[in-house]
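Contents: one structure, followed by commentary.
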Amino acid sequence: MQWFKRLPFRRLTGGVAALLLTLPALWPLLRPGFFVSDDGHFHIYRIAALADAWSNGVLYPRLFPEFGFGYGQAVLNFYAPLSYVPGALLATLGLNPATAAELTIALGFVLAALAMYGFVRSLWGPAGGALAAVAYTYFPYHLADAYVRGAIPEHFAFVFPPLILWATTSIFQEERPRSPLLWAALAWAGLIYTHNLTALLVAPVWAGYLLLLAVSTRRPRSAGAAAGALGLALGLSAPLWLPFLAESRWVGIALGPSDGYARHLAPLDLLIQWQPLYHYRVQHGGVADHPLSWLTAVMVALVAGLFVWRLARRSPPLLAGLLASRAAGEGPGVRSLSAFALALTILAIFMTTNAALPVWIPLAPILANLQYPWRFLTLAAVGFAISLGALPGLLKPAAVSASRATRTSSGVPRLIEAWRGRSPRLVEAVLLAALMSGLLLQPLLTIPAQPLPFSAADAWAPDRMWREDADAGQVGATWTGEFMPLTVPEQRWALGRPAERAADGPAITPRPQVRLARLGYDQVELEIQTTAPLNVRLHQFHLPAWQATLDGQPLATRPTGELGLVTADLPAGNSHLAFRFGPTAAWLIGGALAVIAALAWAGLAWRGRSQARGPAWAAAGLLLVVALLGLNRLGIGQRTWTPRPAGAAVGDVALLVGSDAAPARGADALDVTLYWFALRDVGANYKVFVHLLGPDGAVIAQHDGDPAGGFTPTSRWRSGELITDWHRVPLPAGLSLGEYGLKAGMYQPEPLRNLPVDPPTGDGRVDLGTVR
């Protein structure tokens, strides 16, 4: 059966209804700016960083060099990147990254609703599908994930569990399930590339569902096909999970999970919130951060009650004929899948309570990686939506045996049957409309979407991110320091501050000659002439992925100092020294596995092209993506440039070896980047200035401050370190087009004096040339 093609136009009505019912969930996104959340601003910075990498020709950046006060964080070496792709694409097209993040949230809601609608509709028809889509969209934790936590990747991961279950179900429905196998592989790969922890959560649920299908259909070979889909997905996603497993021992992830989950397990008396309208938590870190709404609890109880009532009236085997019926009846398919969905909902909710602590403790080596127990509410949302989608079928009159037909129904079931006997379609429509309205309005009206101004300049420039990190005592736009290399002994809260007990070190003598030969997104090439051995450091945290070559030959790197900077030992002489981030062995092996899996996926799709064109087209797209990523990793398409040389020494503190200037993104300003080569450890905190000069040589705009936005003061500089120093010079209003001069230098604030420049200049400033 070509399950993805059998959608006649008339059947699209339910999908359109599900889509329209999803749109009210997007209303907080209509406000200007962004919104206050736990993590949302972090993801804006990551979207902007990915878009910036693309502008430099790097398609899959493992490293974000500007994160962590410019010391670099290998975020996407350990964190799934897919949810940032839609936003980065929009940002590349010119949209404010904050707006792009909001549109990514909107896309997540829409795709998740359509995925759940399609799955449940394939089981029980359009009414059940629309009800399931509404229940899934407005499950309070789903809304909180977007608007309270701002957890964009976890929110986007809601798209994939229904797709995985849908494709897996179709594998058991078809004699030759090539198409659903291929779609299941893509759905699994999509989830893994979207959110690591949600994939970990879904895996045991999928295994249980697979067992249910295998037992009920007596088709164990189909279970093998479903397992093959997961195998293909693991191959396609190997570039993510293999480096994660191999290289996470280098960063904070290796410290392992803590027992902090115990502080977030909900007491049973706080599990359900009984206010008429749902109230979201307003402070992070409390117990029962995300309680169930009373309406959710009532709906679970209603479905469970109807399920038990149906079992009491009829008693065929619970697992028999799971796939034998759809919405047209009460068949055992409704009962068995209802049982699975209800069990999933109840078990997932149980795992968020303190009653589950005896389960958490022995499984802590695995479960504690989830950090927060309420991540299980993602599974609860899946189970709740599926079980509620069965409700229209459970409300239909049941066919009863002759011996039971004489018995008189009583209570609510009898009342429902009486109403249905008078006007069944009208009653069903009224009941479903009332239920959908309650599910929609009860959590929607109280979303605490407090506006947060977030300009394009805030997103594109690193200074707001660095300022927020410094204020929170964190580093790298995250809360737990999981991407911080273990070779950095300095405390996170101290990184953006002047070094304590800093002292001047001996200057490098004789002074080396240093030229920036070439720069790239994650690579540096230097021409260095020195008469003595020299330690050359990058302004980047060391990770083994940082590799160096000396005149084309491999050169060892190591971490040095309290910041664990990338360091290479250079011998005396004239040398070409190059640094590049990766690739590591794990990257290469993961890429090879992805190529093999993509070829296998494409081969299966091509063999089945006579049955379905969809997988064949997808095969071409998949191979194209894999080929582009592979070639790009080899350097093809990556942008490199040579900064404008400066070649001046500022006192005995540093060499100013080059500069770049470009219009600021999202601001009426000029971004000027200075490249310093430190000549010694520095004890004082000197200030750097950049002057924009008019045609008459007068200063018409300037920026003064500590280097690197104020978060790498010179007391943090180490001898032989190459520092990237970013300055934003605001432009005066009405500035006419033309060429303007740029000069820079360094000064001591107390007593005020410019550090001398060599070669000497009349005004103590280094000439950086002109800018148009």
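The values are calculated or read from the model by the stated rules, or taken from the named source; none is laboratory data. Predicted model only: the values in this text are computed from it and were never measured. A quick note on method: Cβ atoms are made from the backbone with ideal geometry, for glycine too, and the neighbour counts reach across all protein chains shown. The protein model used for the area step is the full one, side chains on, heavy atoms only, and it has no ligands, DNA or RNA in it. Shrake-Rupley method; radii C 1.70, N 1.55, O 1.52, S 1.80 Å.
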Just for the range 241-280: of the residues that are open to solvent by less than 20 Å² (accessible area, probe 1.4 Å) and part of a strand (DSSP E or B), which one is nearest to residue 544 (Cα to Cα)?
251
In this structure, does residue 724 turn out to be closer than 27 Å to residue 538 by Cβ, crowded, with 20+ Cβ neighbours inside 10 Å, polar (S, T, N, Q) and touching a His at 6+ places or on another chain (Cβ under 7 Å)?
yes
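Mind listing just one residue for me: the one in the range 73-90 that is part of a loop (DSSP other than H, G, I, E, B) and out of contact with any His (no Cβ under 8 Å at 6 or more places or on another chain) and, of those, surrounded by the most Cβ atoms within 10 Å (Cβ to Cβ)? Show your work before the answer.
Initial filter on the range 73-90 (part of a loop (DSSP other than H, G, I, E, B)): 74, 79-83.
If we keep only those that are out of contact with any His (no Cβ under 8 Å at 6 or more places or on another chain) as well, we get 74, 79, 81-82.
Details: 74: 29, 79: 20, 81: 19, 82: 20.
So the residue we want is 74.
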Condition check: aliphatic (A, V, I, L, M) and over 21 Å from the mean Cα position of the chain (by Cα). Does residue 477 satisfy that?
no
How many residues are small (Gly, Ala, Ser) and either part of a loop (DSSP other than H, G, I, E, B) or surrounded by 15 or more Cβ atoms within 10 Å (Cβ to Cβ) (or both) if we restrict to the range 757-772?
2
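Quick one: which residue in 729, 699, 766 is without any contact (Cβ under 8 Å) to a residue 12 or more places away in the chain and touching a Leu at 6+ places or on another chain (Cβ under 7 Å)? I'd like the intermediate steps shown before the answer.
On the way: 729 fails: without any contact (Cβ under 8 Å) to a residue 12 or more places away in the chain; 766 fails: without any contact (Cβ under 8 Å) to a residue 12 or more places away in the chain.
After applying the criteria, what remains is 699.
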Out of the residues in the range 685-709 that are in contact with a helix residue (DSSP H, G or I) (Cβ under 7 Å, 6 or more places away or on another chain) and surrounded by 19 or more Cβ atoms within 10 Å (Cβ to Cβ), which is farthest from residue 751 (Cα to Cα)?
709
Among strands (runs of 3 or more DSSP E) completely within the range 522-627, the ones holding 2 or more residues that are within 23 Å of residue 65 (Cβ to Cβ), open to solvent by 30 Å² or more (accessible area, probe 1.4 Å) and out of contact with any Leu (no Cβ under 7 Å at 6 or more places or on another chain) are 523-530, 553-555, 557-560, 573-581
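Are any of the residues in the range 185-197 more than 26 Å from residue 367 (Cβ to Cβ) and open to solvent by less than 10 Å² (accessible area, probe 1.4 Å)?
There is at least one residue in the range 185-197 that is more than 26 Å from residue 367 (Cβ to Cβ) and open to solvent by less than 10 Å² (accessible area, probe 1.4 Å).
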Could you check, for the range 130-150, whether at least one of its residues is within 20 Å of residue 336 (Cα to Cα), open to solvent by 10 Å² or more (accessible area, probe 1.4 Å) and touching a residue at least 40 places away in the same chain (Cβ under 8 Å)?
no
Output the number of residues of the range 637-676 satisfying the condition of being closer than 16 Å to residue 730 by Cα and among the β-branched types (Val, Ile, Thr).
2
Which of (1) at positive phi; (2) modelled with pLDDT of 95 or more is the odd one out, the single condition residue 125 does not satisfy?
(2)
What number of residues within the range 41-72 are touching a strand residue (DSSP E or B) at 6+ places or on another chain (Cβ under 9 Å), more than 14 Å from residue 466 (Cα to Cα) and assigned to a helix (DSSP H, G or I)?
3
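For residue 460, state whether it is surrounded by fewer than 18 Cβ atoms within 10 Å (Cβ to Cβ) and of a type in the set (A, V, I, L, M, F, W, C). Break it down stepwise before answering.
Working: surrounded by fewer than 18 Cβ atoms within 10 Å (Cβ to Cβ): no; of a type in the set (A, V, I, L, M, F, W, C): yes.
When the stated conditions are applied, residue 460 does not pass them.
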Residue hits (the range 434-454; among the small types (Gly, Ala, Ser) and open to solvent by less than 50 Å² (accessible area, probe 1.4 Å)) are 438, 449
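Kindly provide the set of residues from the range 647-673 that are in a strand (DSSP E or B), more than 24 Å from residue 506 (Cβ to Cβ) and touching a residue at least 60 places away in the same chain (Cβ under 8 Å), ordered by number. Steps first, please.
Filtering the range 647-673 for residues in a strand (DSSP E or B) gives 647-650, 654-663, 669-673.
Remaining after also requiring more than 24 Å from residue 506 (Cβ to Cβ): 658-663, 669-673.
Answer for the range 647-673, where residues must be in a strand (DSSP E or B), more than 24 Å from residue 506 (Cβ to Cβ) and touching a residue at least 60 places away in the same chain (Cβ under 8 Å): 658, 659, 661, 669, 670, 671, 672.
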So which helices (runs of 4 or more DSSP H) are wholly in the range 91-203 and hold at least 1 residues that are out of contact with any Cys (no Cβ under 6 Å at 6 or more places or on another chain) and closer than 30 Å to residue 667 by Cα?
97-137, 140-147, 152-156
So for the range 302-322 (the condition being open to solvent by 20 Å² or more (accessible area, probe 1.4 Å), touching a helix residue (DSSP H, G or I) at 6+ places or on another chain (Cβ under 7 Å) and modelled with pLDDT of 85 or more), does at least one residue qualify?
yes
One residue from 298, 282 being modelled with pLDDT under 60, out of contact with any helix residue (DSSP H, G or I) (no Cβ under 8 Å at 6 or more places or on another chain) and among the β-branched types (Val, Ile, Thr):
282
